[in-house]
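Student: One structure follows; several queries about it will come next.
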Amino acid sequence: MSDALSRFKLDDDEIREFLAERPRRRDASAKEVCVCGHGIGRHVAAGERWVCRPGRQMCRCTNPRSVLKVSDNRFFASKTEGEGSRHALIRGMVLASKSERNVTMEWLLEPSCARPECMRSDAEADLQPVPINRAGRISNRDEAINVFACRDCRMKFGTDA
Ligand SMILES: [Zn+2]
Ligand SMILES: [Zn+2]
Ligand SMILES: [Zn+2]
């Protein structure tokens, strides 16, 4: 401990705890995108929790999960306002695909419907990323939980819009 700091009586255990809980940042250079639609490096650990900070805004994602590998992740900072084209993951993918930078995007997993009794992943399933709120319904804003859901299961989730 530096001399300047030594004039304070500090509890070593508490200090150790604080150091252990210091926010860690996921590798910001990792070109992976979370299911919330934001770079995995935008998720910062705060104690036991993760918080997602894409740019100036905040995102409620607390369950970072890489789903997409991209050559350039700067396009993935949109706001989620609902499912599908209103979801940050789709918005980011649209921006990236429309850019002149030839952004490559590759799924890290095969997207499939999150309902265990369904798990469809075929093209006809019409999968979309959806924000799920605490009531288990599709939300019209960013939420802690984001999943893929097929058309039928999106009807079952229902919306809280
Ligand atoms: Zn996010
Ligand atoms: Zn996330
Ligand atoms: Zn389904």
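The values are calculated or read from the model by the stated rules, or taken from the named source; none is laboratory data. This is a predicted model, so every value here is computed, not measured. Every residue, glycine among them, receives a Cβ derived from its backbone with ideal geometry; neighbour counts consider all protein chains shown.
Student: Please go through the range 68-95 and give me each residue that is more than 16 Å from ligand 1 (Cβ to nearest atom) and over 20 Å from residue 158 (Cα atoms), ordered by number.
Tutor: Pass one, the range 68-95, residues more than 16 Å from ligand 1 (Cβ to nearest atom): 69, 71-72, 84-85, 94.
Listed by number, the residues that qualify are 69, 71, 72, 94.
Student: Among the residues of the range 86-106, are any in contact (Cβ under 8 Å) with a residue 40 or more places away in the chain, surrounded by fewer than 19 Cβ atoms within 10 Å (Cβ to Cβ) and of a type in the set (S, T, N, Q)?
Tutor: There is no residue in the range 86-106 that is in contact (Cβ under 8 Å) with a residue 40 or more places away in the chain, surrounded by fewer than 19 Cβ atoms within 10 Å (Cβ to Cβ) and of a type in the set (S, T, N, Q).
Student: For a quick check of your reading of the model, give me the residue pairs whose first member lies in the range 34-51 and is under 15 Å from residue 83 (Cα atoms), whose second is more than 9 Å from ligand 1 (Cβ to nearest atom) and in a strand (DSSP E or B), with beta-carbon atoms closer than 6 Å and at least 6 apart or on different chains.
Tutor: 35/67
Student: For the range 58-72: of the residues being more than 13 Å from the chain's Cα centre (by Cα) and of a type outside the set (A, V, I, L, M), which is nearest to ligand 2 (Cβ to nearest atom)? Steps first, answer last, please.
Tutor: Residues of the range 58-72 that are more than 13 Å from the chain's Cα centre (by Cα), as a first pass: 69-72.
Add one more test, that the residue is of a type outside the set (A, V, I, L, M), and what stays is 69, 71-72.
Details: 69: 15, 71: 19, 72: 18 Å.
Among those that are more than 13 Å from the chain's Cα centre (by Cα) and of a type outside the set (A, V, I, L, M), it is 69.
Student: Are any residues in the range 65-85 among the polar types (S, T, N, Q) and in contact (Cβ under 8 Å) with a residue 60 or more places away in the chain, and if so, which ones? Give the derivation first.
Tutor: From the range 65-85, those among the polar types (S, T, N, Q) are 66, 71, 73, 78, 80, 85; that's our starting set.
Matches in the range 65-85: 80 only.
Student: Among the residues of the range 58-111, how many are within 16 Å of ligand 3 (Cβ to nearest atom) and either touching a helix residue (DSSP H, G or I) at 6+ places or on another chain (Cβ under 7 Å) or among the acidic types (Asp, Glu) (or both)?
Tutor: Within the range 58-111, residues that are within 16 Å of ligand 3 (Cβ to nearest atom) and either touching a helix residue (DSSP H, G or I) at 6+ places or on another chain (Cβ under 7 Å) or among the acidic types (Asp, Glu) (or both) number 3.
Student: Here is a follow-up. State all residues of the range 133-158 that are away from ligand 3 (no atom under 13 Å from the Cβ) and either of a type in the set (A, V, I, L, M) or touching a residue at least 24 places away in the same chain (Cβ under 8 Å) (or both); if no residue qualifies, say none.
Tutor: Restricting attention to the range 133-158, the residues satisfying the condition of being away from ligand 3 (no atom under 13 Å from the Cβ) are 133-137, 139-146, 158.
Across the range 133-158, the qualifying residues are 133, 135, 139, 140, 141, 142, 143, 144, 145, 146.
Student: Take the residues in the range 3-45 that are at pLDDT below 70, within 25 Å of the chain's Cα centre (by Cα) and assigned to a loop (DSSP other than H, G, I, E, B), then tell me which one is farthest from ligand 1 (Cβ to nearest atom).
Tutor: Among those that are at pLDDT below 70, within 25 Å of the chain's Cα centre (by Cα) and assigned to a loop (DSSP other than H, G, I, E, B), it is 22.
Student: Here is a follow-up. Considering (1) within 16 Å of ligand 2 (Cβ to nearest atom); (2) closer than 12 Å to residue 35 by Cα, say which one residue 79 fails and leave the rest.
Tutor: Only one criterion is unmet by residue 79, namely (2).
Student: Starting from residues that are closer than 13 Å to residue 41 by Cα and of a type in the set (S, T, N, Q), keep the ones in the range 64-113 and report whichever is modelled with the lowest pLDDT.
Tutor: 73
Student: Filter the range 114-126 down to the residues that are at pLDDT 90 or above and of a type in the set (A, V, I, L, M, F, W, C), then identify the one that is farthest from residue 39 (Cα to Cα).
Tutor: Filtering the range 114-126 for residues at pLDDT 90 or above gives 114-122, 124-126.
After this cut, where a residue has to be of a type in the set (A, V, I, L, M, F, W, C) as well, the list is 114, 118-119, 125.
Details: 114: 21, 118: 28, 119: 25, 125: 26 Å.
If we take residues in the range 114-126 being at pLDDT 90 or above and of a type in the set (A, V, I, L, M, F, W, C), then 118 is farthest from residue 39 (Cα to Cα).
Student: Follow-up. Out of all the residues in the range 75-86, is one or more in contact with a strand residue (DSSP E or B) (Cβ under 8 Å, 6 or more places away or on another chain) and among the hydroxyl-bearing types (Ser, Thr, Tyr)?
Tutor: For the range 75-86, residues in contact with a strand residue (DSSP E or B) (Cβ under 8 Å, 6 or more places away or on another chain) and among the hydroxyl-bearing types (Ser, Thr, Tyr): present.
Student: If you go through the range 116-127 one residue at a time, do you hit one that is closer than 11 Å to residue 83 by Cα and either in contact with a Cys (Cβ under 9 Å, 6 or more places away or on another chain) or more than 16 Å from ligand 1 (Cβ to nearest atom) (or both)? Full working, then the answer.
Tutor: Kept after step one, since they are closer than 11 Å to residue 83 by Cα, are these residues of the range 116-127: 127.
Then drop every residue that is not either in contact with a Cys (Cβ under 9 Å, 6 or more places away or on another chain) or more than 16 Å from ligand 1 (Cβ to nearest atom) (or both), which leaves 127.
Yes, the conditions are met somewhere in the range 116-127.
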